[in-house]
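What follows is a single structure, written as structure tokens, with notes after it.
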Amino acid sequence: MANKLISEIRLPKSIANVFSARNISTAKDALSLTEFELMELLDVGLTEVRSALSQISEIVAPPYQTALSLMEQRFQNEHLGGHFPTGLKGLDAALCGGIPFGVLTELVGPAGIGKTQFCLKLSLLASLPTNYGGLDGRVIYIDVESKFSSRRLLEIGLRSFPEIFQMKEMAQEMAGRILVLRPTSLAEFTQSLEQIKVSLLQNQVKMLVIDSMAALVSGEHEQGARRQQTLSWHISFIKSLAEFSRIPVVVTNQVRSRNHDDASRYSFQVQSRDGAIETPMQYDSHLVAALGIQWAHAVTTRLVLEAKSGERFIKVAKSPISPPLAFPFHITSSGISLLSDDGKEVMGPEINAIHCQGSFPQTLLIVTGTCVAMAKNAGHNEIINFGMEGLH
Amino acid sequence: MEIWRLPISASQRGKLISAGYTSLSSLSSISSSDLARELKVSESEAMNILKVASHSRGSETSNASCSIVEGAQSAWDMLHDEESLMHITTSSADLDNILGGGIHCKEVTEIGWSSLSLIVNSVLKYKLTTAFGSESIIFMLIGGVPGIGKTQLGIQIAVNVQIPNDFGGLGGKAIYIDTEGSFMVERAFQIAEACIEDMSEYNRFLRKDFQECKIKMLPQDILENIFYFRICSYTEQIALINYLDKFLSEHKDVDMSLWSQVKVIVVDSVTFHFRQDFDDMALRTRVLSGMALKLMNLAKRFSLAVILLNQVTTKHTEASFQLALALGDSWSHTCTNRIVLYWNGNERYAYIDKSPSLRSASAAYSVTARGIRNSSSSCKRIKMM
């Protein structure tokens, strides 16, 4: 509504003409100026400017809803009360039912921890019919790092839902619903986002996965103001995409080493320490999320995947509804699964730390007749070879 | 008073000055037809100018004739007013304490992510101290790092403002302006439920006439009194704030015509759109300060509290990077109070970064399933005492 034309707002004729004569054609132009600037520019008195502005404002201001009507609407229109179950029981309980619709959910963790595995599982689940806990719709998977493996996808499907994936037509149908895009540059990514916006509602798309956001942005820009600019456009675009189509959006983020200039304290905290013995902050982890603080403000739910003393954990690091819980998980041939559904409560800022210590088991899968092997490849656990016997 | 201060258009002002009218008194005896001839403008325009001029002169002379300047209020009266003001509790007694009882109406408070939890301690405790809830105006800015609990504090305040008068609350309504899409209605429901439970518990302990004061509120009622606006661009944000004046006048309390029913406006967050759509930083500063003035005006006229939530960014000072609230230095002048939420060890703390009347202090809070409460360790301390 910001670009509403002033000529369409029923202002008194005389003032409307003044606006158009000064080339102030949209509400955005008018509201970006202060009252006094407008007086100068339009050459009219304060009262006229005020009354014109209040008329414009009334039309541009969005209507309100009470929180109650908002809630009733959500429960009526949305399947599962607006949450998409991940199939990981403990995590779903912590998240009040699963990944929320209409907002961004971020997965952040070191390379090879299982972010892509989680994304694969989620896309698969979303494509399933509703009686299997899915969303019965298409999934758009933006695969920036070329890590999407359809073999692995089908393997997860076969292991977790053998009754569906043993039928070849069904497997084909489900896999056919997952559309993979592989943009090679930021420009291409931007373009495909704009196309997606158009086709989301028409084509029964029920989930959007972006793996990974960081690869795109860090690939093209150096850190700093320029990068923040490009990023902020994408942040607000993806957020609005999620909101208006009311689908869950899952985005992954990489980690990088902590720079010495990464701030974690306010100036008043530093001052208060001056008198006392200088105790430099002890970081137990040298990793931070690759996209910075502005991005972190934008995601509604952040799940941290980390490895600590030989075990992998998934932590609910930021969420408006969930307590800070950590769940141990592992990755098997049927995809990601929790070792325990009882989360351990994590105290303090520890929930945001990303650990990558202790070698997590590299070979997770027992090589069986189906010939599943995982190989360590430069820090990534990549599944390179699957037998797809179940499908043949 | 001089001509250049009259709220008329630039060309009219130019004509007046070039015709030799520099002060208001020079306009006092002239007729509109003479003025029209002299300025070469239409008669109606001249009449308009004279009307504006006599209006401004009127306010000027009345100032001179009164011993007290019009519109001014003595410090003693202000003190009296402030004492009668109610506070909005944060549900965290510790947080309320450092805020001098809770969030004051008529002020604008900016809450950084780190300060949110201060507000959350138990409603029970709050009722005893009646710290935050006031009908005075608070303009408060709250800021903090992602995940510290800013949105939670915003929701908690929107719920707490509705605690009925019998329980030491304001019994008002709330406006929640969501720029980020982070408002979770499920969470608001949880917090509302917990708030009602706390109230009935308070009833049981402190009132014998349990039957009479039985709580009739349902969480649904609380949600119904939260007006939710979803903002998608900074233009809409400005437009909405311009429009709120009208909205609030339309939603006035029937019994108390002076006070609006809406007692708090929460903006979550004031920053989001302003951080991405602007290339011209000087323009941004002007638009922002215009917006802040309007909010301040609303706070005064309708006796309500304005809570702005702000994001955190990094700032390079004295050869090191530090966290700072977003939107820059000139913006930090606009808020009456500023609270920063931060992590200290394993606890969330709220720190009063700026306030004209409160000592700078910090308090721990925690975010629980029931909302914002005192931090568990400080609860233990209180029990021991």
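Things to note:
- Formal net charge of residues neighbouring A:Thr252 (Cβ-Cβ distance under 10 Å; K, R +1; D, E -1): -1
- Legend: distances between Cα atoms for B:Lys294/B:Lys354; B:Lys263/B:Lys294; A:Lys168/A:Lys197; A:Lys115/A:Lys318; pairs beyond 23 Å are A:Lys168/A:Lys197.
- B:Leu170 long-range amide H proximity, modeled H, under 5 Å: B:Ile163
- Pairwise centroid distance, computed over Cα atoms, of region B:275-317 with region A:125-142, Å: 42 Å
- Neighbours of A:Glu169, meaning other residues whose beta-carbon lies under 14 angstrom from its beta-carbon, give a summed charge of 0 when Lys and Arg score +1 and Asp and Glu score -1.
- When +1 charges are put on Lys and Arg Cβ atoms and -1 charges on Asp and Glu Cβ atoms, the dipole computed for region A:1-97 relative to its Cα centre reaches about 220 debye.
- Cross-link pairs A:Lys28/B:Lys173; B:Lys246/B:Lys300; A:Lys147/B:Lys315 - those with Cα-Cα distance over 26 Å: A:Lys28/B:Lys173; A:Lys147/B:Lys315
- Summed residue charge, Cβ within 14 Å of A:Leu38's Cβ, Lys/Arg positive, Asp/Glu negative: -2
- If the convex hull is drawn through the Cα atoms of region A:6-60, its volume per residue in Å³: 66 Å³
- The distance separating the Cα centre of region A:99-119 from that of region B:222-244 comes to 31 Å.
- For B:Ile339, residues with placed amide H under 5 Å, excluding near neighbours: B:Glu110, B:Ile111, B:Gly112, B:Leu141, B:Ile142, B:Gly143, B:Asp353
Any read-out appearing in this document is the output of simple, stated calculations on the displayed coordinates, not a laboratory observation. Keep in mind that this is a model prediction, so the values were computed, not measured. Glycine gets a Cβ as well: all are built from the backbone with ideal geometry, and neighbour counts include every protein chain shown.
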